[in-house]
Amino acid sequence: MIDPMRRWAHVHEKPDYAGLATFCGAPYTEDPAELPGFDVAIVGAPMDELVCERPGTRLGPRAIRQASAVPGPHLQAGVDAFGLLKVVDYGDAAVLPADPVASHRAIECTVGEVLAAGALPLVLGGDHSIVEPEIRALAAVHGPVGVIHFDAHTDTGDQCFGVKLSHGTPFRTLVEEGLVDGRRYVQIGLRGYWPGEDTFAWQRDHGITSIFMHDLIVRGIAEVIAEAVAIVGDGPTLLTVDVDALDPAFAPGTGTPEPGGMTSTDLLWACREVAARTALVGADVVEVLPTQIGAADITALIGSRVAHEILTGLGMRRRALTRSASGSTPDLLPVA
């Protein structure tokens with residue numbers, strides 16, 4: 001006969017295919033009153049009305065959650081993010097299909113609730129336009145933010161197909177409105193055939209740093225990340241990751257794939273390092289277009305691991321700052 005107390009002791013030790021599909025099995029709530037006390041809140045932003053090519057990224061948050069891993073120590077970093085941080089899955093913003101303006105309001109409101117509770121929002125997209133309401137909420141609390149932006153594209157177009165509101169335009173709007181500090185904004189992994197010189201001239205005028213994929217190959221990922229970390233400094237920073245920064249061999253399920261991109265090894269390391277060495281106030285992973293809703297989809301898998309590496313980096317930073325405050329020698333110094 002099974003001892004009921006022994007059975008209860010194991011009830012939470014479920015494999016990743018069992019139970020509610022929250023991110024990494026984190027506790028779930030949609031009640032803002034339950035957010036205080038958590039360090040990080042996972043927020044889904046399932047909208048793709050503003051894409052200019054392949055639709056389907058509205059399915060990204062669910063697929064990323066389903067592809068997420070069971071918590072445990074990171075074998076390289078030696079950190080269990082879920083042991084050092086209190087993480088909650090705050091569900092999805094109440095987006096309204098076919099009304100991107102209303103969806104953006106819902107995303108801004110949901111991220112604002114997370115920030116009001118003192119937690120860091122980690123947003124799962126959705127198309128890259130979701131960064132606009134995300135940063136509006138962040139800037140309302142922290143003022144203008146710096147950005148480290150992994151992407152094949154700048155997303156600083158003035159228009160896309162004659163439309164101002166698009167997944168290819170959000171950062172121009174945010175810089176022009178003073179919500180992103182162009183002098184603390186770094187783009188990494190750019191390549192392909194868009195945008196044109198007029199956009200890059202605008203970027204230079206606003207102090208934006210553009211690191212092209214061919215430069216990354218020559219210089220190496222460690223040097224590029226060191227430069228990015230130095231540029232954003234110790235001010236409030238957003239880490240935003242468009243999975244098309246990766247070569248399509250690693251992330252075929254995305255709306256605007258571009259050959260010649262980063263490897264998953266480099267991107268995962270970079271996300272962990274950025275989260276560990278900068279003063280992040282928010283983060284996101286966007287443009288996951290799942291070809292199969294489930295853990296077998298490799299793009300959802302990389303999306304989930306990007307989010308997990310960000311959490312690991314935040315855990316590394318927490319551990320280092322705790323050791324420094326206690327007088328121990330920190331294993332990772334904060335950005336000076």
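The values are calculated or read from the model by the stated rules, or taken from the named source; none is laboratory data. This one's a predicted model, so the numbers in the text were calculated from it and none came from an experiment. Here the Cβ positions follow ideal geometry from the backbone for every residue, glycine too, while neighbour counts run over all protein chains shown. Please note that ligands, DNA and RNA were not included when accessible areas were found on the heavy atoms of the full protein model with its side chains. Shrake-Rupley method; radii C 1.70, N 1.55, O 1.52, S 1.80 Å.
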Next item on the list: Could you state the accessible area per residue of region 45-148 in Å², with a 1.4 Å probe and every protein chain left in place?
Entry: 37 Å²
Notebook entry, point to check: Cα gyration tensor of region 184-282, axes a ≥ b ≥ c as square roots of the eigenvalues: rounded (a/c below 1.5), prolate (a/b > b/c) or oblate?
Noted result: oblate
Item checked: Contact order normalised by residue count of the chain, Cα under 8 Å, 6+ apart, percent -> 20 percent
Notebook entry, point to check: So what does the Cα-only Debye profile of the chain read at q = 0.07, 0.08, 0.16 Å⁻¹, as log10 I(q)/I(0), no solvent term?
Noted result: -0.26, -0.34, -1.46
Notebook entry, point to check: In the neighborhood of Ala300, defined by Cβ-to-Cβ distances under 11 Å, what is the net charge if each Lys or Arg adds +1 and each Asp or Glu adds -1?
Noted result: +2
Notebook entry, point to check: Based on the alpha-carbon gyration tensor of region 35-130 and its eigenvalue square roots a ≥ b ≥ c, which shape applies: rounded if a/c is under 1.5, prolate if not and a/b is larger than b/c, or oblate?
Noted result: oblate
Next item on the list: Return the percentage of antiparallel bridges among DSSP beta bridges fully within the chain, rounded to the nearest 5 %.
Entry: 5 percent
Item checked: Relative contact order (%) - criterion: Cα under 8 Å, at least six apart; region: region 183-227 -> 49 percent
Margin query: Please state the shape class of region 135-219: rounded when a/c is under 1.5, otherwise prolate if a/b exceeds b/c and oblate if not, all from the C-alpha gyration tensor.
Written below: oblate
Check: Relative contact order (percent) for region 56-168, with alpha-carbon contacts under 8 angstrom and 6 or more residues of separation?
Finding: 22 percent
Check: Which angle between 0 and 90 degrees, to the nearest 10, do you get for helix 298-325 versus the longest principal axis of the chain when only C-alpha atoms count?
Finding: 80 degrees
Checklist line | Of all accessible heavy-atom area on the chain, the percent that carbon and sulfur account for (1.4 Å) | finding: 56 percent
Item checked: For Arg136, solvent-accessible area (1.4 Å; no DNA, RNA or ligand), Å² -> 60 Å²
Margin query: I need the GluC sites (Glu not before Pro) found in region 174-261, filtered to DSSP loop residues with at most 12 other beta carbons within 10 Å of theirs.
Written below: none
Next item on the list: Only helical DSSP H runs with n ≥ 4 go in: add -39500 (n - 2.57) per run for the chain, normalise by residue count and round the 222 nm mean residue ellipticity to 500 deg cm²/dmol.
Entry: -11500 deg cm²/dmol
Margin query: I need the GluC sites (Glu not before Pro) found in region 32-114, filtered to DSSP loop residues with at most 14 other beta carbons within 10 Å of theirs.
Written below: Glu53
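Taking only protein heavy atoms and a 1.4 Å probe, what accessible area per residue, in Å², does region 150-263 have with all protein chains in place?
Per-residue accessible area for region 150-263 comes out at 38 Å².
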Next item on the list: Could you tell me what percent of the DSSP beta bridges with both partners in region 126-267 are antiparallel, to the nearest 5?
Entry: 5 percent
Next item on the list: Using only Cα atoms, find the angle between the long axis of helix 100-116 and the longest principal axis of the chain, and express it within 0 to 90 degrees, rounded to the nearest 10.
Entry: 50 degrees
